[in-house]
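Below is one structure, written out as structure tokens; comments come after it.
The values are calculated or read from the model by the stated rules, or taken from the named source; none is laboratory data. Since we're looking at a predicted model, the values are computed, not measured. With ideal geometry, Cβ positions are generated from the backbone for all residues, glycine too; neighbour counts draw on all protein chains shown. Side chains are part of the model used for accessible areas, which takes the heavy atoms of the whole protein and leaves out ligands, DNA and RNA. Shrake-Rupley method; radii C 1.70, N 1.55, O 1.52, S 1.80 Å.
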Amino acid sequence: MRRLLIVYSSATGGTRQLVEAAARGAATETAIATTVLTAPLAGPDDLLAADGFLFAAPENLAALSGLMKDFFDRTYYPVLDRLAGRPYAAIICAGSDGAGAARQLARIATGWRLKQVADPLIILTHAQTPEAILAKKTIAPAALTASQTLGATLAAGLAMGVF
Ligand SMILES: Cc1cc2nc3c(=O)[nH]c(=O)nc-3n(C[C@H](O)[C@H](O)[C@H](O)COP(=O)(O)O)c2cc1C
């Protein structure tokens, strides 16, 4: 059985809802075992044990959330040159932009020589004020569907070995 690893962080719930949707999508592929870990609980061994990855992060200050950056900081060199060619996709949950975090994640994945199998899915919450940014998020159904589809696509490609 091939394994999909999903690593994420979420402060106000948006990324978490997107990850839950992606995991539901991946679960439609019975030949794939999916592991979902929050960033502080994920380490090099989890990466090495997986055949493909979905990384999901909020954008904070035009970059990856601190917890996701810490995950990559802790794991980057321990697994360097040991993940080459494995497929990945990314989800960024952002208030109004998301491009900076997506770019940063893509550079890390390039360093690991991962294979990007889908454009990054950037979901905007349109939170602009401090109150809205700090509030719990409710992700729109269309965005959840897009995330579920991404999870299903990643899992199906992994199962069929097309990546
Ligand atoms: C400290 C901080 C910085 C942020 N910086 C950005 C930013 O640079 N660009 C953006 O589009 N959204 C920014 N946001 C908004 C978050 O990306 C948005 O609220 C997102 O939904 C958070 O995901 P979560 O609900 O999974 O925590 C920021 C939020 C916080 C708390």
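Results, tabulated for the structure shown:
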quantity: Within region 147-163, tally of residues that are free of Cβ contacts under 8 Å to residues at least 60 places away in the same chain and within 16 Å of the chain's Cα centre (by Cα); calculated: 0
quantity: Residues located in region 120-131, provided they are open to solvent by 30 Å² or more (accessible area, probe 1.4 Å), touching a residue at least 24 places away in the same chain (Cβ under 8 Å) and not in a strand (DSSP E or B); calculated: P120, T125, H126, Q128
quantity: Every residue from region 90-119 that is within 13 Å of the ligand (Cβ to nearest atom) and open to solvent by less than 60 Å² (accessible area, probe 1.4 Å); calculated: I91, I92, C93, A94, G95, G98, A99, G100, A101, A102, Q104
quantity: Filtered residues of region 38-51 (kept if open to solvent by 30 Å² or more (accessible area, probe 1.4 Å) and hydrophobic (A, V, I, L, M, F, W, C)); calculated: L41, L48, A49
quantity: Positions within region 44-87 being in contact (Cβ under 8 Å) with a residue 60 or more places away in the chain and either in a strand (DSSP E or B) or within 13 Å of the ligand (Cβ to nearest atom) (or both), in sequence order; calculated: G52, F53, L54, M68, P87
quantity: Long-range neighbours under 9 Å by Cβ, at least six apart or interchain, first residue farther than 8 Å from Q148 by Cα within region 14-28, second among the charged types (D, E, K, R) and surrounded by fewer than 20 Cβ atoms within 10 Å (Cβ to Cβ); calculated: G14/K136
quantity: Residue, nearest to G161 (Cα to Cα), within region 1-23, restricted to residues that are more than 11 Å from the ligand (Cβ to nearest atom) and open to solvent by less than 10 Å² (accessible area, probe 1.4 Å); calculated: L4
quantity: Region 137-156, residues that are small (G, A, S), under 11 Å from Q17 (Cβ atoms) and buried (at least 16 other Cβ atoms within 10 Å of the Cβ); calculated: A143, S147
quantity: Residue within region 24-38 that is within 21 Å of L154 (Cα to Cα), within 16 Å of the ligand (Cβ to nearest atom) and either part of a helix (DSSP H, G or I) or over 15 Å from the mean Cα position of the chain (by Cα) (or both) present; calculated: no
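Per-residue answers, yes or no, for (1) more than 27 Å from M160 (Cβ to Cβ); (2) open to solvent by 10 Å² or more (accessible area, probe 1.4 Å); (3) out of contact with any strand residue (DSSP E or B) (no Cβ under 6 Å at 6 or more places or on another chain):
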residue	(1), (2), (3)
A33	no, yes, no
F53	no, no, no
P58	yes, yes, no
S65	yes, no, no
D70	yes, yes, yes
D73	yes, yes, yes
